[in-house]
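The values are calculated or read from the model by the stated rules, or taken from the named source; none is laboratory data. Fair warning: this is a prediction, and the values are worked out from it, not measured in the lab. Don't worry about glycine lacking a Cβ; one is built from the backbone with ideal geometry, like all the others, and counts go over all protein chains shown. In case anyone asks, the SASA skips ligands and DNA or RNA and just uses the protein heavy atoms, side chains included. Shrake-Rupley method; radii C 1.70, N 1.55, O 1.52, S 1.80 Å.
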Amino acid sequence: MAVNNFCRFFLISLTVILLAQSGDLFSQDSVKTSKDNMSDQTDLKDVLKKWFKIKDKKETETKDSWKKLRISILPGVSYNPATDVVIGVSASITRYYGDPKNTSNSTITSGISYTTKNQFKFSLQSSIFTKKNDWSFQGDFRLWKYVQYTYGLGTGTLKSSEQNMKFNFIRLNENVLRRVTGKFYLGIGYSLEHYYDIKTVDVDDNPIYPNIHNEYSKLHEFDSTKYLSSGFVANVNFDNRDNTVNAYKGFLIDAKYYNYNEALGSSSNWQRLDLEFRAFHSMNKKNSYKVALWLMGNLVLNGRAPYMSLPSNGWDKYNAMARGYVQGRFRGRQLLYGEIENRFDLTSNGLIGMVLFANAITVSNPDSNVELFDYLEPAAGVGLRVKFDKYARTNISIDFGVGKHGSKGVFLNIGEFF
C-alpha cells in the first residue's frame, strides 16, 4: 500500500512540474558554464585577491578553457553536544571531460573531520561524466567512527526518546551507467554498508541496556554489535540539468533497486527501492531567481533490514535531507520526503545570495503500526549563499533550519544542498 501511495504521489508531482515548465525545461541552450559572460560576476576568490592585493591574471576564454580543474576548499570549526568541538575541511573539485556543449560537469566532493571526543569522519562522493556523457560513474565512500542520537522508528517519535549510539561505519557504493539515448542512462553497481562496534551509551559513556537498537535487533534476529549489507544495484537515470553543482534549469529522475544477499556476505536478504526527482527553473534571464524542487522515496520492499541501514533523514548521498532536523532524527522501513527552495541573488554581481526553503518528511514503522502520513514532520529555514567559484557555480552554503519538537540547526556545505 505504501509503495503504491508513493508511486502515485511521485507521478502526480512529476506531471505537474513538467506541465508547468515544459516551455523551457527541456531547452538545452542554457548549457553555458565556462561559456557564460562572467565579466559582471564576482566570487569570493575575486574578493580575496582584491583584499590581499594579489595581481589578478585575467581568465580569458580559449577553446580549451573548459578543461581547467576547479578546486574549492573550506576549513571549519563547529560544536554540538554529541560531538563536542569539530575541526574539519571540505573540498569540491569540478571539471569537464568533454566539450560543455555535450558533456556534463564532473564533480568530486570530500570532507574530513575530527572531534575532541575522538570521532572521525571521512566522506567522498563523486559524479563523473565522460566525453559526450557516454558513461557516468556515481560513487559514495565513507569511513566513520561516529556518534549519533536515535529516537526510535517512524515519524511522531518524541525527543524524550533520545538515545546516544556509537558506531563505526564503512560505506562503498559505486554505480556505472551507460547512456542509452539522449539523457537517459541504464546502469549497475555494488553497494556495501558495514556497521560495527555498535553500542548505546549514556552521558557518562556507560552502556544502556535494554535500548531501542538492541530491541529492534533482537526482534529481527541481528547481532546488535555489528551487521553488513552487501548487494548489487540496478540503476535507471535521466538527467538534463544544465549543471550538476548548481542547476539553473532541467531535472533529474533517478531510480535505484538494491538487492542485498547473504551469498555476497550480507547479514540478511533484503531489497530496497530509492526514487528521486529534482527539478530546477530559472525565473528570469539573469538566473538571479531560481526555484528548486526535490522529492525522495526510500522504500524497503521486503526482507529484514538492519536498524542503521533503514531509510533515515540525512543519510542520502550528500547528507542534505530534512534540514531543520539532526541527522538520523527519523528512521523507518519506508520514507517519503519533499522540499521546495527559492534561491535569490542579493547583489547584482552574484556574490551574495539567499535561499528560503520548506520541507516535510514522513516515515513508517510496521512494528508499531505507524504508516506513511500518520505523522508529517515539517521544517523550514533560510540560508546564505556566498559565490566561491563563479565559473564552477560553486557556492558556500550556510542554512538555518527549524523543525518540530524544538529542533533546529545550522547546516554548512560547499555547493547547493541539492
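Worth a mention:
- Boolean, residue 301 is open to solvent by 10 Å² or more (accessible area, probe 1.4 Å) and either among the acidic types (Asp, Glu) or on the phi < 0 side of the Ramachandran plot (or both): yes
- Meets criteria (among the hydrophobic types (A, V, I, L, M, F, W, C), open to solvent by 50 Å² or more (accessible area, probe 1.4 Å) and modelled with pLDDT of 95 or more) for residue 236: yes
- For segment 111-134, a tally of residues being hydroxyl-bearing (Ser, Thr, Tyr) and more than 26 Å from residue 179 (Cα to Cα) returns 5.
- Against the numbered list (1) hydrophobic (A, V, I, L, M, F, W, C); (2) assigned to a loop (DSSP other than H, G, I, E, B); (3) over 25 Å from residue 94 (Cβ atoms), residue 320 comes up short only at (3).
- Selection of segment 272-291 for residues being surrounded by 23 or more Cβ atoms within 10 Å (Cβ to Cβ) and small (Gly, Ala, Ser) yields only 279.
- Checked against (1) within 26 Å of residue 337 (Cβ to Cβ); (2) in contact (Cβ under 8 Å) with a residue 12 or more places away in the chain, residue 283 passes all but condition (2).
- Residue match in segment 258-269 (condition: part of a strand (DSSP E or B), touching a helix residue (DSSP H, G or I) at 6+ places or on another chain (Cβ under 9 Å) and of a type outside the set (Lys, Arg)): yes
- Checking the stated criteria, residue 340 turns out not to satisfy the condition of being within 25 Å of residue 90 (Cα to Cα), free of Cβ contacts under 8 Å to residues at least 60 places away in the same chain and open to solvent by 60 Å² or more (accessible area, probe 1.4 Å).
- Taking segment 110-165 as the range and being over 18 Å from residue 198 (Cα atoms), open to solvent by less than 50 Å² (accessible area, probe 1.4 Å) and either among the acidic types (Asp, Glu) or touching a His at 6+ places or on another chain (Cβ under 9 Å) (or both) as the test, the residues that pass are 134, 140, 157.
The rows are residues; the columns are (1) under 18 Å from residue 252 (Cα atoms); (2) outside any strand (DSSP E or B); (3) free of Cβ contacts under 8 Å to residues at least 60 places away in the same chain.
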{"site": "92", "(1), (2), (3)": "no, no, no"}
{"site": "112", "(1), (2), (3)": "no, no, yes"}
{"site": "132", "(1), (2), (3)": "yes, yes, yes"}
{"site": "149", "(1), (2), (3)": "no, no, no"}
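- Condition broken by residue 125, with the remaining ones in (1) assigned to a strand (DSSP E or B); (2) more than 30 Å from residue 231 (Cβ to Cβ) satisfied: (2)
- A count restricted to segment 164-181 and to residues that are hydrophobic (A, V, I, L, M, F, W, C) and closer than 15 Å to residue 239 by Cα stands at 3.
- In segment 178-207, the residues that are aromatic (Phe, Trp, Tyr) form Cβ pairs under 6 Å with partners that are outside any strand (DSSP E or B), at six or more places apart or across chains, as follows: 195/308.
- The set of residues in segment 173-224 being open to solvent by 80 Å² or more (accessible area, probe 1.4 Å), among the charged types (D, E, K, R) and more than 24 Å from residue 154 (Cα to Cα) consists of 178, 197, 204.
- Checking residue 353 against (1) modelled with pLDDT of 95 or more; (2) on the phi > 0 side of the Ramachandran plot, the condition it does not meet: (2)
- Those residues of segment 379-418 which are of a type in the set (S, T, N, Q) and assigned to a strand (DSSP E or B), in sequence order: 394, 395, 397, 413
- Across segment 355-384, the number of residues qualifying as open to solvent by 50 Å² or more (accessible area, probe 1.4 Å) and touching a Lys or Arg at 6+ places or on another chain (Cβ under 8 Å) comes to 2.
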